[in-house]
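Down below is the structure, laid out as structure tokens.
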Amino acid sequence: MNRRPDIETAVRAAAPHALLATLRTMLADAYGALAVELHLADYGLRVLKRLDRPEEEPLSLHNSAEGRAFGSQEPREQQVRHGDAVDHYLPVTVRGERLGILTVRLPAARSTQEMVGELTHVADLLGHEILVAERDTDVYQRARRTTRLTLAAEMQWQLLPARACTAAEFAIGAQLEPAYSIHGDNFDWAADADELTLAVTNGMGEGIQASLLTNLAVNALRNARRAGIGIADQAALADQALYDQHRGASHVSTLLLRFELATGRVGVVDAGSPQLWIQRGRTVRRVELEAQLPLGMFEESHYMVQEFHVEPGDRLLLLSDGVYEAVSPAGEAYGERALARAIQSTRLLPAATVPRAILGELAEYRVTETLDDALVVCLDWFGRRADDGG
């Protein structure tokens, strides 16, 4: 008997902090679940932390059954040692945003393919409810932290739309580093039936100053975008807002793109240091753009839109200067050659995991820790099929 409607009703009616407890009770009653646990990915995308026991040692994203399910984004199962039961590891993901893994232990006799389908639906439901619940409780955000965030990083993470997003025409993945002390770098996106707007911003300075500057820029861009204004005017209005506040003493480097979902035509405003790279087949190259003034540098700056086209199968990478200007212990810049190799080496990975992989290679190149922000946004373009109909 399908008990999913009862489970959905109970979870949606649960207190925001009590989603897991409610789910445990419902899965035990409906399916005979012996144990139900939730692990959430940390801000750095390195480990999975148990929701209700944060003091426990986190699980590796690479060397644990839960981590392998998280990486593959496919349900996995494992026989429990010395027991007649099976652990099911189910990705908790919402529109491409990978939140964590739901583990459900069932008696072996109940571990059927039909049951896995039921539990997969439950994991999807839980993901959506967590995003809603986060408006009213800190439980889930607190559980994702392996250490305390700086105030600047708190501000930046709260500003983000998500770390990944999927749609019929595209898939996006993004990551900020150092995850727990980021200050000036940020990314933003929004899509509707006809277009996708994507922005990368980098406020000058350090700490709270950089974070405040970026917050003003991102919200000014959003305000203009939500008024239905084109990207050139979005940049101009954000530029004016920053100049009015700081009179040219501070500025924000910005790369702003608008994609027509039906055609693949891309408009771009390059207002600063972030770089745009494209991978088409096995060819990787930097997209050369006409550099314009960073936002907020001068009063009433005017911005022009440049255009190019993307084709199905293209991959775009947006990178902050903390990536391509990183230096090795010997003082050698990371540079375009090393960056092209990193992009090639990750070509088979899905967009959601590419930024973490590139930043991992960058960390190996630097060897030592750095306070510089580094941001990678990856966009895979699928295009719109003729029968999609918008």
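The values are calculated or read from the model by the stated rules, or taken from the named source; none is laboratory data. Model, not experiment: these values are computed from the prediction. A quick note on method: Cβ atoms are made from the backbone with ideal geometry, for glycine too, and the neighbour counts reach across all protein chains shown. In case anyone asks, the SASA skips ligands and DNA or RNA and just uses the protein heavy atoms, side chains included. Shrake-Rupley method; radii C 1.70, N 1.55, O 1.52, S 1.80 Å.
Give the residue list of GluC sites (Glu not before Pro) in segment 114-199 that are DSSP loop and have at most 15 other beta-carbon atoms within 10 angstrom. Here the GluC sites (Glu not before Pro) that fit, given the DSSP loop and packing criteria, are GLU134.
In whole Hz, what ³J(HN,Hα) sequence does segment 121-132 give by Karplus (6.51, -1.76, 1.60; θ = phi - 60°), x for Gly and Pro? Going residue by residue, I get 4, 4, 5, 4, 4, 4, x, 4, 5, 5, 4, 5 Hz, with x marking Gly and Pro.
About its Cα centre, the dipole of the chain is roughly 820 debye, where the only charges are +1 on Lys and Arg Cβ and -1 on Asp and Glu Cβ. Here's how it looks for VAL86: its modeled amide H is under 5 Å from those of VAL80, LEU106, ALA108, which are all 5 or more places away or on a different chain.
Dipole orientation for segment 55-195: of the candidates GLN156, SER60, HIS183, SER60 has the Cα lying most toward the positive pole (charges on Cβ; Lys, Arg +1; Asp, Glu -1).
Which of (i) 16; (ii) 21; (iii) 26 is the computed percent of Cα pairs over 39 Å apart for the structure on display? Step by step, percent of Cα pairs over 39 Å apart for this structure corresponds to label (ii). Listed values for segment 153-169 are Karplus-derived 3J(HN,Hα) couplings in whole Hz (6.51 cos²θ - 1.76 cosθ + 1.60, θ = phi - 60°), namely 5, 4, 5, 5, 5, 5, 7, 6, x, 4, 9, 7, 7, 10, 8, 4, 8, and x replaces Gly and Pro.
The dipole here belongs to segment 195-261: it is taken about the Cα centre, uses +1 on the Cβ of Lys and Arg and -1 on the Cβ of Asp and Glu, and is about 120 debye. Which one, VAL104, THR146, LEU40, is farthest towards the positive end of the dipole of segment 1-148 when Lys and Arg carry +1 and Asp and Glu -1 on their Cβ? It is THR146, whose Cα lies furthest towards the positive end. Here the simple spin-label model places points 7 Å from the Cα toward Cβ, and for ALA168 and VAL132 these points are separated by 2.6 nm. Gain on full extension, evaluated as 0.36 nm per residue between ARG347 and LEU289 minus their Cα-Cα distance, stands at 18.5 nm. In whole percent, and with a 1.4 Å probe on the protein chains, what portion of the accessible area of the chain is carbon and sulfur? That share works out to 49 percent. Sum -39500 (n - 2.57) across every DSSP H segment of at least 4 residues in the chain, then divide by the residue count to get the 222 nm mean residue ellipticity, nearest 500. For the chain, the value works out to -10500 deg cm²/dmol. Sparsely packed loop sites in segment 63-162 (the trypsin sites (Lys or Arg not before Pro) outside DSSP H, G, I, E and B with at most 11 other Cβ atoms within 10 Å) comprise ARG81, ARG135, ARG148. Rounded to the nearest 20 debye, the dipole size of segment 168-327 about its Cα centre is 280 debye, using +1 on the Cβ of Lys and Arg and -1 on the Cβ of Asp and Glu. For the chain, the solvent-accessible area with a 1.4 angstrom probe is 46 square angstrom per residue.
Of interest is the spacing of the C-alpha centroids, which for segment 1-41 and segment 96-170 amounts to 14 Å.
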